[in-house]
Amino acid sequence: MKKLIIALVGQPNVGKSHLANALSGSNLKIGNFAGVTIEKALAVFTKESYSIEMIDLPGLYSLDDFSADEKVTKDFLMNESYDLILNVVDSTNLERNLSLSTQLMELNKKMVIALNMDDEAQKEGIEIDAEYMSQLLGIPCVKVSSKTKANIDILTKTILHISDSEIHASKLFFSDPIEIELQKITTFLDEKHFHHKIYSNRSIAIGLLLQRKHIYALMHEFPLFI
């Protein structure tokens with residue numbers, strides 16, 4: 001039986017824990033992360049030929065770790081071993097939620113986006129074209145409702161399919177002037193033979209241009225201007 005470790009990530013109040021219970025059959029168990037009092041929710045279950053361990057990480061708005069919860073989630077994503085990110089977003093508030101999704105895309109991990117609360121979105125007259133969104137981002141996007149359990153089976157099949165597939169490069173692109181600067185930084189890192197265990201050199205370049213603190217801190221440990 002294959003083992004699959006899923007990091008469940010999303011902003012606060014997007015229904016992550018509710019969705020985790022829907023996927024796992026209410027197997028979510030609560031504990032604490034080592035060394036801190038922050039809750040760790042874990043579900044272990046089987047689907048088809050997979051033994052799945054799903055870790056429901058504390059909600060966060062970004063990877064800039066402004067709070068203790070955000071730091072725990074960022075540290076897990078950057079330092080722990082896992083196979084796939086399941087990014088849960090609120091379908092009624094996509095613009096705010098996708099700001100975190102774009103940061104997760106930089107981690108160069110297999111990823112699926114669960115467009116949760118689709119039932120609420122429909123009540124508000126919001127119709128999301130999940131297929132077009134998948135093509136645009138290069139990441140499978142599945143409309144679901146943890147409340148009604150709509151499309152939970154489709155989400156599960158998508159997760160298992162992506163876990164068996166090759167990882168694809170992110171479709172995170174910017175305007176031409178920014179892409180030129182990104183290429184300059186990426187080329188410089190390549191020439192210095194710099195390689196990070198999680199971030200690609202392009203992701204490092206994006207983080208530097210966006211002045212992300214965790215990327216600055218990371219690069220501080222690797223002086224390259226010698």
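Values in this text are rule-based calculations from the coordinates and carry no lab data. Keep in mind that this is a model prediction, so the values were computed, not measured. Glycine also receives a Cβ, built like all others from the backbone with ideal geometry; neighbour counts cover every protein chain displayed.
Sequence-distant or interchain residues sharing an amide H contact under 5 Å with Asn116, placed H: which?
Long-range HN contacts for Asn116: Val89, Ser91, Val144.
In Å, what Kirkwood hydrodynamic radius results for region 2-163 from the alpha-carbon pair distances? Please list the in-between numbers first.
Numbers: mean 1/r = 0.0635 Å⁻¹.
15.7 Å is the Kirkwood radius here.
Note down the net charge around Ser24, summing +1 for each Lys or Arg and -1 for each Asp or Glu among other residues with Cβ under 11 Å from its Cβ.
Values: positive: Lys29, Lys47; negative: Glu53, Asp56.
Combined, the nearby Lys, Arg, Asp and Glu give 0.
Do the alpha carbons of any pairs in Lys123/Lys149; Lys16/Lys71; Lys123/Lys143; Lys29/Lys157; Lys3/Lys147; Lys109/Lys147 sit beyond 21 Å of each other, and which pairs?
On the way: Lys123/Lys149 16 Å; Lys16/Lys71 18 Å; Lys123/Lys143 14 Å; Lys29/Lys157 23 Å; Lys3/Lys147 27 Å; Lys109/Lys147 28 Å.
With Cα atoms farther than 21 Å apart: Lys29/Lys157; Lys3/Lys147; Lys109/Lys147.
Ranking request for peptides 101-112, 147-158: highest mean number of other beta-carbon atoms within 10 Å first, then the rest in descending order.
Those peptides, ordered most packed to least, come out 101-112, 147-158.
Can you tell me what share of the DSSP beta bridges in the chain is antiparallel? A percent to the nearest 5 is fine. The partial results should precede the final answer.
Values: 12 of 34 bridges.
Within the chain, antiparallel bridges account for around 35 percent of the total.
Kindly provide the helix-only [θ] at 222 nm of the chain, computed as the sum of -39,500 (n - 2.57) over DSSP H runs of four or more divided by all residues, to the nearest 500 deg cm²/dmol? Spell out each step's value before the answer.
Numbers: 9 runs with 92 residues, N = 226.
Helices in the chain give a 222 nm mean residue ellipticity of -12000 deg cm²/dmol.
Per residue of region 141-157, what does 6.51 cos²θ - 1.76 cosθ + 1.60 with θ = phi - 60° give for ³J(HN,Hα)? Whole Hz please, x for Gly and Pro, Karplus curve as stated.
10, 10, 6, 9, 9, 5, 6, 9, 6, 5, 6, 5, 5, 5, 4, 4, 5
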